[in-house]
Ligand SMILES: Nc1ncnc2c1ncn2[C@@H]1O[C@H](COP(=O)(O)OP(=O)(O)O)[C@@H](O)[C@H]1O
Ligand SMILES: [Mg+2]
């Protein structure tokens, strides 16, 4: 066998192996999605949206409590995480730049991004739940908000840095003060990217369970009281899926399906927006 | 050793013994530059790449102040004061001395909003006034006909040459005294270049213009005065025709005849 033939052979083997690995990974993904869709769609019905949790065996049971709770928790987390993340990202890109402080913040943020979310839940348990003396939607939202910050901070930082320096200079050259340059030109130029970051940030926390277990905890009934424990889709999935009751398990499948579609949708939307923004330039 | 023409007409700007050093640089990028800029005329800056043309140009609107750590000395006189002073109001200065960049810098907003941007910064909110002045600026920048029916469209949809004229419209809309051009046609095709050159010549009725160009023909075509720079020094400033036909300095002679570049 010549050297060239050998290289061609090695190349073929490497290509086959990597293609195979990709197919296996995709196979698992579609397996999971397939089971989820089959079981989830089968479990869907209008009752899910009309009724709150009920004892097993009650036909008038649904997921209204968890859906609304999830929406409240995610909205509150977004209200906390998005402004902080965007402002911090703005500081890094527009003010801190390559300073030591900026680099330190970037490093810490990266560590936070990969920190186990249960640690953040424990942290919020210590600083919010313990002093309050009970679980609350506030605590859950704060935990999710904190998890959201590094995702949004990072994308904002990256996206703002993609805005060409000449554009900033052109605004300064017209006599714009710095905050106007940032608001009018830099944010506008990075609009699509920041929006994508926000969507990905929401998607990131949408599937969190661990940090909610000891912050907002759970509730089988409908509530909008932010000072009390609040149900969420994720913790509800956990409870229902691990229960021995057939109807609860069905609700668990439905919740898992709805949540997955929500997160998948956000991810796809985020990418579409980013792609459309790039194409326009 | 430098040969600087004594300008008899009124001057828009007067640079005296100006020195500039970038942050952390070992040597000064501009050395003892003294240069008068005639009012309502076009002054071109030529010279090999890296000789300091852009650095000098960006000193007139204190663009360098956006990046901390640079140091400068000397004087640039504008409207009777030294604009290098620490108390200079840079926002006001930049409304008086506008700048057009090498690459078109249309903002990510509509054509109308681009042109209105500087005026809105100055607090002009009146719709009729904005409409009138945007239209006038676009007409003066010779782009009105092309965009009058799509003022609300995104400015990034325009061609490079159109965007550059839009940037000129945006700059003249605030009625500056001086316009600085840094190689405004280097990213454009020959036809767009011609359009911009024609426009620059028309504008000198109202503003004083300084234009940096790496293209000697362009300097010869558009400018009244030309300054030749080399290694951070202004070697020669003269009337354009004289400088190109009978340069006083040997270095100028060598540069314009293509002995180096
Ligand atoms: N931001 C900067 N930091 C440090 N040195 C710079 C910077 N910009 C330009 N210089 C240096 O200053 C000199 C003049 O540059 P410049 O004014 O851009 O020249 P020109 O416009 O004539 O090509 C060059 O030696 C260049 O390397
Ligand atoms: Mg230059």
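The values are calculated or read from the model by the stated rules, or taken from the named source; none is laboratory data. A quick note: this is a predicted structure, and the numbers were derived from the prediction, not measured. Neighbour counts are summed over all protein chains in view; Cβ atoms, including those assigned to glycine, are modelled from backbone coordinates with ideal geometry.
Restricting attention to region B:217-249, which residues are within 15 Å of ligand 2 (Cβ to nearest atom) and surrounded by fewer than 23 Cβ atoms within 10 Å (Cβ to Cβ)?
Listed by number, the residues that qualify are B:218, B:230, B:231, B:232.
Might you check whether a residue that is within 14 Å of another protein chain (Cβ to nearest Cβ) and in contact (Cβ under 8 Å) with a residue 40 or more places away in the chain occurs anywhere in region A:195-203?
yes
Go through (1) more than 16 Å from residue A:96 (Cβ to Cβ); (2) within 13 Å of chain B (Cβ to nearest Cβ) one by one and return the number of the condition residue A:168 breaks.
(1)
Given region A:11-127, what helices (runs of 4 or more DSSP H) lie entirely inside it while holding 3 or more residues that are closer than 26 Å to residue A:218 by Cβ?
Per the criteria, A:47-50, A:64-90, A:117-124.
Is region A:21-30 home to any residue that is in contact with a helix residue (DSSP H, G or I) (Cβ under 9 Å, 6 or more places away or on another chain) and modelled with pLDDT under 95?
Checked region A:21-30: no residue is in contact with a helix residue (DSSP H, G or I) (Cβ under 9 Å, 6 or more places away or on another chain) and modelled with pLDDT under 95.
Only one of B:221, B:170, B:206 is under 23 Å from residue B:52 (Cα atoms) and more than 16 Å from ligand 1 (Cβ to nearest atom). Can you tell me which?
B:221
Could you please find all residues in region B:133-176 being within 13 Å of chain A (Cβ to nearest Cβ), assigned to a loop (DSSP other than H, G, I, E, B) and in contact with a strand residue (DSSP E or B) (Cβ under 8 Å, 6 or more places away or on another chain)?
Listed by number, the residues that qualify are B:153, B:174, B:176.
Scan region A:173-184 for residues that are crowded, with 23+ Cβ neighbours inside 10 Å and assigned to a helix (DSSP H, G or I) and jot them down.
A:173
Hey, among the residues in region B:92-112 that are in a helix (DSSP H, G or I) and touching a residue at least 12 places away in the same chain (Cβ under 8 Å), which one's surrounded by the most Cβ atoms within 10 Å (Cβ to Cβ)?
B:111
Which members of region A:149-164 meet the condition of being within 9 Å of another protein chain (Cβ to nearest Cβ) and surrounded by fewer than 18 Cβ atoms within 10 Å (Cβ to Cβ)?
If the condition is that a residue be within 9 Å of another protein chain (Cβ to nearest Cβ) and surrounded by fewer than 18 Cβ atoms within 10 Å (Cβ to Cβ), then A:164 is the only one that fits.
Please indicate, with yes or no, whether at least one residue in region B:45-63 is within 14 Å of another protein chain (Cβ to nearest Cβ), surrounded by fewer than 16 Cβ atoms within 10 Å (Cβ to Cβ), farther than 19 Å from residue B:179 by Cβ and within 10 Å of ligand 1 (Cβ to nearest atom).
The answer is no, given that none of the residues of region B:45-63 is within 14 Å of another protein chain (Cβ to nearest Cβ), surrounded by fewer than 16 Cβ atoms within 10 Å (Cβ to Cβ), farther than 19 Å from residue B:179 by Cβ and within 10 Å of ligand 1 (Cβ to nearest atom).
Return the total of residues in region B:68-110 being more than 10 Å from every other protein chain (Cβ to nearest Cβ), more than 24 Å from residue B:188 (Cα to Cα) and either within 16 Å of ligand 2 (Cβ to nearest atom) or over 17 Å from the mean Cα position of the chain (by Cα) (or both).
The total comes to 17.
Please enumerate the residues belonging to region B:186-212 that are modelled with pLDDT under 95 and part of a loop (DSSP other than H, G, I, E, B).
B:186, B:187, B:188, B:189, B:204, B:205, B:206 - these are the residues of region B:186-212 that are modelled with pLDDT under 95 and part of a loop (DSSP other than H, G, I, E, B).
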